[in-house]
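A short worksheet on the structure shown next.
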Amino acid sequence: MWFVLALLSALFAALTSILAKVGIKDVNSNLATAIRTMVVVLLAWGMVFLTNTQGGITNIGKKSWIFLILSGLATGASWLCYYKALQIGEASKVVPVDKLSVVITLVLAFVFLHEKVTTKSVIGCILIGAGTLFMVL
């Protein structure tokens with residue numbers, strides 16, 4: 001099931017890029033990000049109430065709160081940079097560079113989460129990095 005959800009995530013991320021590129025024409029990128037964020041907030045809280053999981057908020061520990069807030073700040077910074085890059089650059093070049101996050105995530109997971117480094121993951125990182133450079137040069 002995780003694979004299906006990951007594929008759907010990729011599909012929606014692709015749609016996000018194309019729809020955003022069209023939507024930010026003649027709109028300040030920060031304003032566009034704020035509008036997008038409000039839609040995401042409404043959707044996320046709608047799902048919380050739809051699945052009746054709002055009661056779990058009182059069970060969230062201090063460490064989880066800190067890391068969820070930091071993750072939210074990183075997401076916001078990423079979106080602000082992404083929308084500005086998308087507004088001034090070509091989607092076909094901005095998106096591959098943005099997807100270098102896959103390589104960076106793997107490296108950070110190895111260093112900070114102590115996830116196993118495999119030959120397959122190293123080769124994948126190299127190929128993704130090389131592919132990104134090939135697409136944008």
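Data overview
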| read-out | value |
| --- | --- |
| Tabulated pairs, the stretch 78-89, first farther than 14 Å from residue 37 by Cβ, second β-branched (Val, Ile, Thr), C-beta under 7 angstrom, 6+ apart or interchain | 85/94; 86/24; 86/94; 87/24 |
| Test: residue in the stretch 45-62 that is aromatic (Phe, Trp, Tyr), assigned by TED's automatic domain parsing to the domain that holds residue 11, loosely packed, with under 14 Cβ neighbours inside 10 Å and out of contact with any Leu (no Cβ under 7 Å at 6 or more places or on another chain) | yes |
| Output for the stretch 16-27, where each listed residue is surrounded by 10 or more Cβ atoms within 10 Å (Cβ to Cβ) and among the aliphatic types (A, V, I, L, M) | 18, 19, 20, 24, 27 |
| Every residue from the stretch 99-114 that is in a helix (DSSP H, G or I) and touching a residue at least 24 places away in the same chain (Cβ under 8 Å) | 102, 103 |
| Residue 35 surrounded by 10 or more Cβ atoms within 10 Å (Cβ to Cβ), at pLDDT 95 or above and either part of a loop (DSSP other than H, G, I, E, B) or under 16 Å from the mean Cα position of the chain (by Cα) (or both) | no |
| Unmet requirement for residue 119, which otherwise passes all of (1) farther than 30 Å from residue 34 by Cβ; (2) assigned by TED's automatic domain parsing to the domain that holds residue 27 | (2) |
| Single residue of the stretch 59-110 satisfying the filter (of a type in the set (Lys, Arg) and over 11 Å from the mean Cα position of the chain (by Cα)) that is farthest from residue 14 (Cα to Cα) | 62 |
| In the stretch 96-131, the residues that are more than 21 Å from residue 75 (Cβ to Cβ) and among the hydroxyl-bearing types (Ser, Thr, Tyr) | 118, 119, 121 |
| Residue match in the stretch 65-86 (condition: surrounded by 10 or more Cβ atoms within 10 Å (Cβ to Cβ), more than 28 Å from residue 136 (Cα to Cα) and in contact with a helix residue (DSSP H, G or I) (Cβ under 7 Å, 6 or more places away or on another chain)) | no |
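The values are calculated or read from the model by the stated rules, or taken from the named source; none is laboratory data. Because the structure is predicted, anything quoted here is derived from the model rather than measured. Here the Cβ is made from the backbone with ideal geometry for all residues, glycine too, and neighbour counts use every protein chain on show.
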